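Have a look at the structure below before the remarks.
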Amino acid sequence: MARPDFSFHTYTPGECIFSSGDVVRNVYFVMEGIGRYFYIDAGGKERNKSLVRAGGAFASISSCVSDMPSPFFTQAITRCSTASIEYRALIELSRRNRNWAEFVRKLYENLVLKKEKREAAFLLLSARERYEQFLAEFAEDCEQVPLRQVAMYLGVTDVTLSRIRREMGLT
């Protein structure tokens, strides 16, 4: 049984799950809410790497595997409830139990698919097309994500997102 290996926590909006520089040992499965992965550049500017919602997870795999500091931050955008487990315990569960092995495999596959889709969007789609993709992907959850966070996620300025929204008749 895996339940003793998990701990449960609720994060308030704006609260960090872990920060750049932390050595991350856990995987935090999001049961409720929306959060983000982000970097802060040398000039202090935040750049969203990814958005996560229920069914997703927060982790720094490079940190979990190599005991290196995480290069990015994670933060709750809305109230986020998580179930966390040490990465090593998750891997051990997957060694002992076929269902957990299948779960971990699907977790990694979904991560790769998400990264491939995001990379293709940045290389092949216009800012408006990326916003349309965001609206389709986040559907009912998109209203919970502040527009500033959406703009950072899309790689555009607040002004550009405002123009796109105006052209689409969303303002």
Report yes if some residue within region 1-10 is within 16 Å of the chain's Cα centre (by Cα) and not β-branched (V, I, T); otherwise report no.
-> no
Scope region 1-15; condition surrounded by 14 or more Cβ atoms within 10 Å (Cβ to Cβ) and farther than 22 Å from C142 by Cβ; matching residues | A2, D5, F6
Taking the condition surrounded by fewer than 13 Cβ atoms within 10 Å (Cβ to Cβ) and assigned to a helix (DSSP H, G or I), does N99 pass?
-> yes
In the set E167, E137, which member is out of contact with any strand residue (DSSP E or B) (no Cβ under 6 Å at 6 or more places or on another chain) and either at pLDDT below 95 or closer than 22 Å to F58 by Cβ (or both)?
-> E137
Within region 17-53, can you find the residues that are in contact (Cβ under 8 Å) with a residue 60 or more places away in the chain and of a type outside the set (V, I, T)?
-> R25, N26, R36, F38, E46, R47, N48, S50, L51, R53
Unique match (being touching a strand residue (DSSP E or B) at 6+ places or on another chain (Cβ under 6 Å) and at pLDDT 95 or above) among R79, R47, R36, R53 | R36
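Tell me, yes or no, whether region 58-79 has at least one residue that is part of a loop (DSSP other than H, G, I, E, B), surrounded by 14 or more Cβ atoms within 10 Å (Cβ to Cβ) and among the charged types (D, E, K, R). Talk me through it step by step, then tell me what you get.
Going residue by residue through region 58-79, those that are part of a loop (DSSP other than H, G, I, E, B) are 59-60, 67-72, 77-79.
With surrounded by 14 or more Cβ atoms within 10 Å (Cβ to Cβ) added as a condition, the list becomes 59-60, 69-70, 72, 77-79.
Keeping just the survivors that are among the charged types (D, E, K, R) gives 79.
The answer is yes, given that some residue of region 58-79 is part of a loop (DSSP other than H, G, I, E, B), surrounded by 14 or more Cβ atoms within 10 Å (Cβ to Cβ) and among the charged types (D, E, K, R).
The values are calculated or read from the model by the stated rules, or taken from the named source; none is laboratory data. These numbers were taken from a predicted model, which means no experiment stands behind them. No Cβ is skipped: glycine too gets one built from the backbone with ideal geometry, and neighbour counts run over all protein chains shown.
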